[in-house]
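Here's the structure, in structure tokens; my notes come after.
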Amino acid sequence: MNRLVCALLLLLGACQRPAETPPLAGARIGGPFALTDQDGRPVTDRSFAGRWRIVYFGYTFCPDACPTEMGAIGAGLKQVEASDPAVGAKVVPIFVTVDPARDTPAVLKQFVRAFHPRAVGLTGSPAAIDAVAREYGVAHSLGPTAPGGGYLVDHSRAAYLMDPDGKPIALAGADGGPAEVARTIERWVK
């Protein structure tokens, strides 16, 4: 009987799937930064150590993509919080502006709170924003100035799921809507 149990245990062990490698494992995405949050406090990458994070770059005056994708991040995280509060509590959504001239802490505070109560908005000097954007592989540039002084900011769009050590795990799927964000969180956050 013991041999049968041992044989079954060995067989079950052989059938287990090996751990899946995250799609962004080893990618050179992320790095140190020093910025200012929506409350005017200094924040560094170390401020988020030990926390899973979804990092998205955009700007608050964006007419469509940024609010839509931040909405998907916030709603997707809320779905996870409803189904698995322990997992949802581990994730902090982070919005980094690529338009620091207009995105002051006060502007960011209103913007991020519209999407999730724990969302963090980050801004800084143009040089600091350029540096963190480079670390995350995010391209951005000012568009032409329109009559009246307004302008758009061209930027690459990606929402990165980063692990508690600040390493990239996967794209969070914000362009796929809340359900895709929730699936990504549920798949990778442990």
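Structure data summary
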{"item": "Selection within the stretch 44-63 - assigned to a helix (DSSP H, G or I) and either of a type in the set (Phe, Trp, Tyr) or without any contact (Cβ under 8 Å) to a residue 24 or more places away in the chain (or both)", "result": "ARG46, SER47, PHE48"}
{"item": "Number of positions in the stretch 64-105 that are touching a helix residue (DSSP H, G or I) at 6+ places or on another chain (Cβ under 8 Å), in a loop (DSSP other than H, G, I, E, B) and surrounded by fewer than 17 Cβ atoms within 10 Å (Cβ to Cβ)", "result": "3"}
{"item": "All positions within the stretch 31-43 that are of a type in the set (D, E, K, R) and assigned to a loop (DSSP other than H, G, I, E, B)", "result": "ASP39, ARG41"}
{"item": "Scope the stretch 64-79; condition touching a strand residue (DSSP E or B) at 6+ places or on another chain (Cβ under 7 Å) and over 24 Å from LEU142 (Cβ atoms); matching residues", "result": "ILE73, GLY74, LEU77"}
{"item": "Those residues of the stretch 43-63 which are touching a strand residue (DSSP E or B) at 6+ places or on another chain (Cβ under 6 Å), over 20 Å from GLY137 (Cβ atoms) and not β-branched (Val, Ile, Thr), in sequence order", "result": "ARG51"}
{"item": "Of all residues making up the stretch 91-135, the number that are within 15 Å of the chain's Cα centre (by Cα), within 19 Å of GLY74 (Cα to Cα) and among the small types (Gly, Ala, Ser)", "result": "2"}
{"item": "Residue within the stretch 19-30 that is part of a strand (DSSP E or B), modelled with pLDDT of 95 or more and touching a strand residue (DSSP E or B) at 6+ places or on another chain (Cβ under 9 Å) present", "result": "no"}
{"item": "Test: residue in the stretch 66-80 that is hydroxyl-bearing (Ser, Thr, Tyr) and at pLDDT 95 or above", "result": "yes"}
{"item": "Filter result for GLY150 (of a type outside the set (Asp, Glu) and surrounded by fewer than 16 Cβ atoms within 10 Å (Cβ to Cβ))", "result": "yes"}
{"item": "Count of the stretch 136-147 residues which are over 18 Å from the mean Cα position of the chain (by Cα) and surrounded by 14 or more Cβ atoms within 10 Å (Cβ to Cβ)", "result": "0"}
{"item": "Selection status of ALA179, surrounded by fewer than 16 Cβ atoms within 10 Å (Cβ to Cβ), more than 19 Å from GLY30 (Cβ to Cβ) and modelled with pLDDT of 95 or more", "result": "yes"}
{"item": "Checking LYS109 against (1) exposed (fewer than 15 other Cβ atoms within 10 Å of the Cβ); (2) basic (Lys, Arg); (3) in a helix (DSSP H, G or I), the condition it does not meet", "result": "(1)"}
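Residues checked against (1) outside any loop (DSSP other than H, G, I, E, B); (2) closer than 15 Å to PRO100 by Cα; (3) not small (Gly, Ala, Ser):
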{"position": "HIS116", "(1), (2), (3)": "no, no, yes"}
{"position": "LEU122", "(1), (2), (3)": "yes, yes, yes"}
{"position": "ALA128", "(1), (2), (3)": "yes, yes, no"}
{"position": "VAL132", "(1), (2), (3)": "yes, yes, yes"}
{"position": "SER141", "(1), (2), (3)": "yes, yes, no"}
{"position": "LEU161", "(1), (2), (3)": "yes, no, yes"}
{"position": "VAL181", "(1), (2), (3)": "yes, no, yes"}
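The values are calculated or read from the model by the stated rules, or taken from the named source; none is laboratory data. Keep in mind that what you see is a predicted model, and the values were worked out from it rather than measured. Every residue, glycine among them, receives a Cβ derived from its backbone with ideal geometry; neighbour counts consider all protein chains shown.
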